[in-house]
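First up is the structure itself, then whatever we jot down about it.
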Amino acid sequence: MRRPNVFVIGNSGMVYRLSSLLYALGSDVFAGTVNYWQFCEGSKLRKLWSIPLDWFKLSINLISCDILWISSASHHSRHAKLAVLISRVLRKKTVIDFYISHYETKVIDRKLYKKESKAAERLLKCERQALLSASRVVFLNEAERDYYCSIVGVDPISINTAIIPLVNERKATFAELPFFNGSRDYPVFAWWGREVGNPIHGIESLLKYFCEIEGRLELVMCVTNEIDEHKIECMLRKLKCKSSKSRISIRHDLRMADGTLQDYICKNVDISVASMGCTKKASVVVPNKLVDALSMGVPVLTIESVGVTELIGNSWPILIRNNNLIEQVRKLKGSINDRAEINSICINLYESVFSIDSFSNKVFRLIDELK
């Protein structure tokens, strides 16, 4: 059987999912070849003079390939739209890794554009074309697929889709979980990330929730800059959160990139906090922080999400926000043998759904279906 040739176009901003795809297709397990073109959107002037050159480069690669793969969230770029147009003329199979809806993010979630604006219309048209033109559209889970399709007015039954969940790097060390191993008598929760004003995070709702909890605990907010730290401080003043029982602290000196955040989590944190947003999007997605936490062997507190339930269920080590958090955590502590058992449960969930091996197997299966 002829070995498949896959041509990948990717946005330099989506580093890890793109590198995971290239890792899978470049491995010895994949019985095929891969070519890759990474783009980074330039100035309008460059776009004008580079179109003929882009057309030529894309045509050369597309003529020789069997499958065009538009990597995560790149379907809105001019390179991807041009590649899809040429591939349709050449009758090539096309895979679009949808990842997120730019229309939903910019118009509905963050409200950067009004629905009736020209910018919103362009985004909506682009999303519809991406969904309807591909041989297969990849989504992170079925709940997101149904939500995004409903927004752009496309029946998910009318298109060919595949589910390939989030993928994340396996962390080198496991969390020590001081509360669960008995070296601390109260649990420490941690949220980490950027853009604290993003509705999907629900930061104000998260802070309010922890301010109102009765019982001893600590919440650490790990942000990436002093601006986000100031925003959280303003939210706390607005909430008049002065509870001595629910201690809330803020750190802006820790980073995943240099290992300091990972080291802090593994040594100090008992439960991570994922999404607390009240939006429709928050109720269907699987937060990246949930995957990060599981890969380190850390349990996760989050709101109820259809996407999370679909992929991994909502039982231990996933805690669903409720009014009896402290009691729930202490009962869970009494139901496990030791810290290693918690690590093992978390890691097994991560390996089965979000690891590079799980991701690669789903990619290979999809390519086999399209050959």
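The values are calculated or read from the model by the stated rules, or taken from the named source; none is laboratory data. The shown structure was predicted, so the numbers you read here are calculated from the model rather than taken from an experiment. Cβ sites come from the backbone with ideal geometry, for glycine too, and all protein chains shown count toward neighbours. Only protein heavy atoms, including side chains, enter the accessible area calculation; ligands, DNA and RNA are left aside. Shrake-Rupley method; radii C 1.70, N 1.55, O 1.52, S 1.80 Å.
Pairs linking a residue in region 336-347 that is on the phi < 0 side of the Ramachandran plot to a residue that is of a type in the set (Gly, Ala, Ser), with Cβ atoms under 7 Å and 6 or more positions apart or on different chains, are Ile342/Gly297; Asn343/Ala175; Asn343/Gly297; Cys346/Gly297; Ile347/Gly297.
Only a single item in (1) at pLDDT 90 or above; (2) in a loop (DSSP other than H, G, I, E, B); (3) farther than 30 Å from Lys93 by Cα is not met by Trp191, and it is number (2).
The set of residues in region 148-164 that are over 19 Å from the mean Cα position of the chain (by Cα) and either surrounded by 19 or more Cβ atoms within 10 Å (Cβ to Cβ) or among the hydroxyl-bearing types (Ser, Thr, Tyr) (or both) comprises Ser150, Val152, Ser158. Given the structure, is Ser101 surrounded by 13 or more Cβ atoms within 10 Å (Cβ to Cβ), modelled with pLDDT under 90, closer than 25 Å to Ile159 by Cβ and under 26 Å from the mean Cα position of the chain (by Cα)? Here the answer is no, as Ser101 does not meet what is asked. Each residue in region 205-244 was checked for being under 21 Å from the mean Cα position of the chain (by Cα) and modelled with pLDDT of 90 or more, and 6 of them qualify. The residues of region 109-147 that are more than 16 Å from Lys81 (Cα to Cα), open to solvent by less than 30 Å² (accessible area, probe 1.4 Å) and among the aliphatic types (A, V, I, L, M), listed by number, are Ala119, Ala120, Val138, Leu140, Ala143. Here is the figure for region 208-223: residues that are more than 16 Å from Arg330 (Cα to Cα) and either of a type in the set (Ser, Thr, Tyr) or open to solvent by less than 10 Å² (accessible area, probe 1.4 Å) (or both) total 7.
Suppose we filter Val329, Val291, Val269, Val308 for residues that are open to solvent by less than 30 Å² (accessible area, probe 1.4 Å), in contact with a Ser or Thr (Cβ under 9 Å, 6 or more places away or on another chain) and either closer than 18 Å to Ala143 by Cα or touching a residue at least 40 places away in the same chain (Cβ under 8 Å) (or both); which single one remains?
Just a single option satisfies the conditions, and that option is Val308.
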